[in-house]
Amino acid sequence: MTESGGLASGDAAFGWRSLRRRIDSGNARYVAKARWGVVVLVLLCAAIQAGISPDIANVFCAVSAGLVGAWVFSYCTRPGRIERHTISTLVVLGFQVHSTLAALIVQTLAWKPITFNLEAPVTTFSALALLQIWAAALHWLYIQSRVMHAITFTIRQRIFAPLGVYRAPTNRQLWWMGLLGSFASWYTNADRWGEDNFGDIAFKLLAGLSQFSVAPFLIPIAAYLIDPPDRKRQVNWLTLTAYCALTLYIALARNSRGAFAINALTVLLCLAIAVLIGRFILTRRGMIWMAAAVLLSPIPAGILSDLATAMVIARDDRSDISSQELVLSTIGTYFDGQALQSRREMDRILAEGSYNEIYVDNPLLALFVSTKYIDHNIALGLSLSQTGEDLARENAVNQLLLLLPTPVLNFIAPGLDKSGYAFSSGDYYNFLVTGDELGGYRTGSSIADGFVVLGAFYMAVFALFAFASFLVGDALIIRMADGRVLLSTLACICITRFFMNGLMDESVAVQAGNLVRALPQTVLLYVLMFWLTRGVTLR
């Protein structure tokens with residue numbers, strides 16, 4: 001078992017050296033084939049879209065998503081680039097996949113036009129193509145800049161290293177983090193529908209622990225990403241299976257599809273990185289197992305899709321019943337085939353009528369495709385009057401002020417009450433256009449919010465957010481003296497956040513809040529748990 005007494009990299013080099021480690025030739029061959037295979041698939045999907053719907057808007061959107069997607073994907077998946085700048089490259093790739101690439105592939109496989117149920121598809125895909133090219137260009141400038149490398153080096157050496165971020169936690173510590181995270185996930189969400197906890201710092205810190213529920217799932221991966229090659233870990237698969245069941249129960253109790261799906265995505269992203277940088281060596285036997293897993297994947301995918309649909313159905317009752325009753329209700333609905341079919345039929349009818357958030361058929365997969373939400377908020381932004389735009393700017397300023405600690409906020413803006421802003425960006429734009437009530441927490445988009453509030457200046461603000469994400473993300477990885485790349489445990493825990501929300505979020509204010517509050521809080525909580533769980537034994 002790996003000890004936590006020293007740095008994960010022992011003789012780690014915190015600067016970027018000229019040493020270049022040769023990636024295993026077998027891996028390089030497999031990775032190259034998979035890389036170009038995906039590029040061909042993306043271009044093929046773009047061509048097929050013209051056959052699915054020859055409408056000019058659909059063809060334009062498909063070609064835009066296909067060409068830009070193929071270019072950005074090939075840029076990000078170069079082994080040397082993702083090895084040297086792992087997290088920052090993943091940020092760019094995640095933005096591309098989350099916004100348009102996943103939509104192109106999923107909708108093509110479902111034989112649906114990529115513009116299905118979108119309101120302003122041409123504007124949406126044009127804006128996204130522009131930002132995706134801009135993101136890749138910013139990343140290229142970042143990796144060429146000595147100033148950026150110096151800042152990353154300083155963050156590593158002056159902040160993260162003294163805190164112990166690069167020390168590898170033991171299995172025991174990962175279990176403690178996971179159990180505390182799972183408890184926090186249940187306690188701060190189950191049976192608390194619609195409750196707000198403004199100013200409750202202890203509650204917010206406890207809620208922040210929920211993201212660490214993934215920690216035990218990192219034990220099998222630690223040998224490939226976190227630990228030096230000469231260290232081994234023991235993996236208790238039976239205990240991990242039981243813990244997986246526990247996290248699924250908590251997800252059902254919270255009625256949260258994402259609570260379980262994000263853990264799975266975290267593991268998959270970590271494994272993909274281990275393959276790309278050559279830490280997880282692909283053998284012929286491993287390739288056979290991987291191919292078998294891909295061929296059999298429709299079975300668990302169907303099960304999870306039905307379970308996610310059952311959770312959506314049970315959501316209507318979650319404020320009226322206990323979390324235990326909600327779990328039982330969800331399970332009962334899962335085994336009710338007629339109820340599941342009725343829900344799917346209702347979604348189909350709704351998609352042909354008034355506004356809805358239906359885009360991807362699979363409700364679990366829909367969590368990782370943001371195209372519909374971006375499109376809807378862009379459409380709302382285009383519908384705003386001059387007065388509406390002014391109100392949106394005023395709301396954005398107030399949301400930024402709300403990031404301040406309550407005592408500071410009361411001094412600077414005593415008339416601004418946090419409880420009066422219990423709504424999302426998506427809520428507010430919908431209110432400005434339709435007059436609907438606030439408080440529904442519709443999903444917003446920082447892209448739409450940015451262009452409405454800042455106009456063309458949003459491109460500069462986008463660049464600032466991008467550079468900040470690149471710097472902090474890459475500071476969470478280190479390189480050993482022999483050139484091997486190691487990810488800190490914190491990087492693995494936050495990897496889905498960087499992938500999905502590194503360059504976009506619910507609003508510009510939320511994006512800023514993630515950088516100045518949420519991310520530092522995550523680092524603080526991780527450091528506290530790491531040092532407090534040293535020597536603590538599970539009995």
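The values are calculated or read from the model by the stated rules, or taken from the named source; none is laboratory data. Quick caveat, the model's predicted, so the values are computed rather than measured. Counting neighbours? That spans all protein chains shown, and the Cβs are built from the backbone with ideal geometry, glycine included.
General observations
- Considering the stretch 111-135, the residues that are small (Gly, Ala, Ser) and crowded, with 19+ Cβ neighbours inside 10 Å include one that is farthest from HIS98 (Cα to Cα), namely ALA120.
- Criterion applied to ALA463, ALA468 was being touching a residue at least 40 places away in the same chain (Cβ under 8 Å), in contact with a Leu (Cβ under 6 Å, 6 or more places away or on another chain), part of a helix (DSSP H, G or I) and surrounded by fewer than 17 Cβ atoms within 10 Å (Cβ to Cβ), and the one residue passing it is ALA463.
- Residue, modelled with the highest pLDDT, within the stretch 319-342, restricted to residues that are closer than 21 Å to PRO300 by Cα and in a loop (DSSP other than H, G, I, E, B): PHE335
The rows are residues; the columns are (1) assigned to a helix (DSSP H, G or I); (2) farther than 28 Å from LEU93 by Cβ; (3) touching a helix residue (DSSP H, G or I) at 6+ places or on another chain (Cβ under 7 Å).
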| residue | (1), (2), (3) |
| --- | --- |
| PRO216 | yes, no, yes |
| PRO229 | no, no, no |
| ILE250 | yes, yes, yes |
| LEU265 | yes, no, yes |
| VAL275 | yes, no, yes |
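- In the stretch 497-518, the residues that are touching a residue at least 24 places away in the same chain (Cβ under 8 Å) form Cβ pairs under 7 Å with partners that are in a helix (DSSP H, G or I) and of a type in the set (D, E, K, R), at six or more places apart or across chains, as follows: SER507/ASP449; VAL508/ASP449.
- Residue among TRP111, TRP186 that alone is modelled with pLDDT under 95 and outside any helix (DSSP H, G or I): TRP111
- The residues of the stretch 381-415 that are within 25 Å of VAL461 (Cα to Cα) and not in a helix (DSSP H, G or I), listed by number, are SER383, LEU384, SER385, LEU402, LEU403, LEU404, PRO405, ALA413.
- Take the conditions (1) buried (at least 19 other Cβ atoms within 10 Å of the Cβ); (2) within 19 Å of the chain's Cα centre (by Cα); (3) within 25 Å of GLN324 (Cα to Cα); (4) among the aliphatic types (A, V, I, L, M); ILE273 misses just one of them, which is (3).
- Any chance TYR429 is surrounded by 17 or more Cβ atoms within 10 Å (Cβ to Cβ) and either touching a residue at least 12 places away in the same chain (Cβ under 8 Å) or closer than 30 Å to ARG146 by Cα (or both): yes
- Residues in the stretch 433-452 that are assigned to a helix (DSSP H, G or I) and either touching a residue at least 24 places away in the same chain (Cβ under 8 Å) or in contact with a helix residue (DSSP H, G or I) (Cβ under 6 Å, 6 or more places away or on another chain) (or both): VAL433, SER446, ILE447, ALA448, ASP449, GLY450, PHE451, VAL452.
- Meets criteria (closer than 30 Å to THR89 by Cα, part of a loop (DSSP other than H, G, I, E, B), more than 23 Å from the chain's Cα centre (by Cα) and of a type in the set (A, V, I, L, M)) for ILE288: no
- Checking ARG254, ARG284 one by one, the residue that is free of Cβ contacts under 8 Å to residues at least 40 places away in the same chain, among the basic types (Lys, Arg), out of contact with any helix residue (DSSP H, G or I) (no Cβ under 6 Å at 6 or more places or on another chain) and more than 13 Å from SER213 (Cα to Cα) is ARG284 and no other.
- Residues in the stretch 494-520 that are assigned to a helix (DSSP H, G or I) and either in contact with a Cys (Cβ under 7 Å, 6 or more places away or on another chain) or of a type in the set (D, E, K, R) (or both) were compared, and the one that is surrounded by the fewest Cβ atoms within 10 Å (Cβ to Cβ) is ARG517.
- Qualifying position, being closer than 26 Å to VAL97 by Cα, among the acidic types (Asp, Glu), assigned to a helix (DSSP H, G or I) and at pLDDT below 80, among ASP316, ASP347, ASP306: ASP347
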